[in-house]
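What follows is one structure encoded as structure tokens, with my remarks underneath.
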Amino acid sequence: MGEVTAGLNEKFSQYTLRWRGGRLTTTQYALFAIQMAVVILLSWLGAIATPVVGPGIGFLYWAYPFFVVFTLWWGVWGILGAWIGAFVGSGLLTGLPVLPALGFSIGDLIPALLIFLLYRGYLRKHGVDPLGRDIMKSKKSAAWFVLWVMGITNIIGGLWGVWILVLLGFVPASAYLLGAGLWILGDAIVLLIAPFLAKYVTPVVERFGLVNTGWVS
């Protein structure tokens with residue numbers, strides 16, 4: 001068993017928490033910009049298509065599974081995409097002023113950051129694929145995905161995002177639990193897309209050498 005774990009760790013050893021893993025190419029910069037545009041669009045669509053208790057809150061937040069996978073691929077660029085997507089897409093474009101949108105968007109920034117730290121740090125060292133390609137075939141990886149991505153970080157985002165809007169008067173206090181609960185449930189549902197993206201799309205992106213091995217490159 002020790003030899004198997006060591007082999008898995010070696011297999012994943014290139015994907016770490018180093019700040020820079022290599023040189024960035026023009027193609028990668030273009031992809032970073034495109035993924036941010038995609039997350040902005042999906043954030044906006046989720047917020048306006050399935051509104052819940054106030055501006056910016058959508059029951060089915062379609063951006064979530066995409067920025068999770070983008071974060072596993074591209075580190076800080078995926079994390080920035082999650083934050084900018086919420087700030088612009090489900091924030092400014094739904095009518096929230098700048099400061100409330102900034103506070104609200106932390107609800108996506110923190111989950112993305114925590115997901116990257118866990119997958120590139122602890123889980124990589126314990127035999128879980130840091131790019132999530134094994135979620136659909138490993139019980140251990142699936143359990144961590146459910147616990148951490150669908151559970152803990154999702155709950156943190158939902159509780160924070162709705163709390164900020166209640167604090168600033170955009171959502172009535174009486175609707176806090178309903179709004180947070182629907183946010184968390186809806187995000188858990190759409191996150192079912194992420195394992196499929198990780199399994200089928202990640203190998204293609206990796207094959208072309210477009211996955212960051214560190215935070216930035």
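The values are calculated or read from the model by the stated rules, or taken from the named source; none is laboratory data. Keep in mind that what you see is a predicted model, and the values were worked out from it rather than measured. All Cβ positions, glycine included, derive from the backbone under ideal geometry; neighbour counts span all protein chains shown. Just so you know, the surface numbers come from the protein's heavy atoms only, side chains and all, with ligands and any DNA or RNA stripped out. Shrake-Rupley method; radii C 1.70, N 1.55, O 1.52, S 1.80 Å.
In terms of overall dimensions, the C-alpha atoms belonging to segment 29-146 reach 44, 31, 21 Å along their principal axes, ordered largest to smallest.
GNM remark for the chain: springs join alpha carbons under 10 Å apart, and the peak mean-square fluctuation among LEU123, LEU109, LEU42 falls on LEU123. Can you compute log10 of I(q)/I(0) for the chain with the Debye formula, treating each Cα as one identical point scatterer, at q = 0.10, 0.13, 0.15 Å⁻¹? Reported log10 I(q)/I(0), two decimals: -0.42, -0.69, -0.89. Summary value for the chain: 31 percent relative contact order, contacts being C-alpha pairs under 8 angstrom separated by 6+ residues. Computed packing ranks the peptides 73-79, 116-122, 207-213 as 73-79, 116-122, 207-213, most packed first, by mean other Cβ atoms within 10 Å. The distance between label points at LEU147 and PHE208 comes to 3.5 nm (points 7 Å beyond Cα on the Cα→Cβ vector). Using every pair of separate Cα atoms, the Kirkwood estimate puts the hydrodynamic radius of segment 152-215 at 14.0 angstrom.
With helices as the sole contributors, the chain gives -18500 deg cm²/dmol at 222 nm; each DSSP H run of n ≥ 4 counts as -39500 (n - 2.57), and the sum is divided by every residue. Surface composition of the chain: carbon plus sulfur atoms contribute 74% of the solvent-accessible area (1.4 Å probe, protein chains only, all chains present).
Based on the Cβ-Cβ distance from MET136 to ALA173, what FRET efficiency comes out when R0 is 41 Å, to the nearest 0.05? So, using R0 = 41 Å, E works out to roughly 0.50. Distance distribution P(r), segment 7-87, all Cα-Cα pairs, bin width 10 angstrom from 0: 18, 40, 26, 13, 3 percent. Angle check, please: helix 98-118 long axis (alpha carbons) against the longest principal axis of the chain (alpha carbons), in degrees 0 to 90, nearest 10. Compared with the principal axis, the helix lies near 20 degrees. Rounded to the nearest 10 degrees, the inclination of helix 26-49 to the longest alpha-carbon principal axis of the chain is 40 degrees.
Note on segment 91-155: along the principal axes its Cα atoms extend 44, 19, 17 Å, ordered by decreasing extent.
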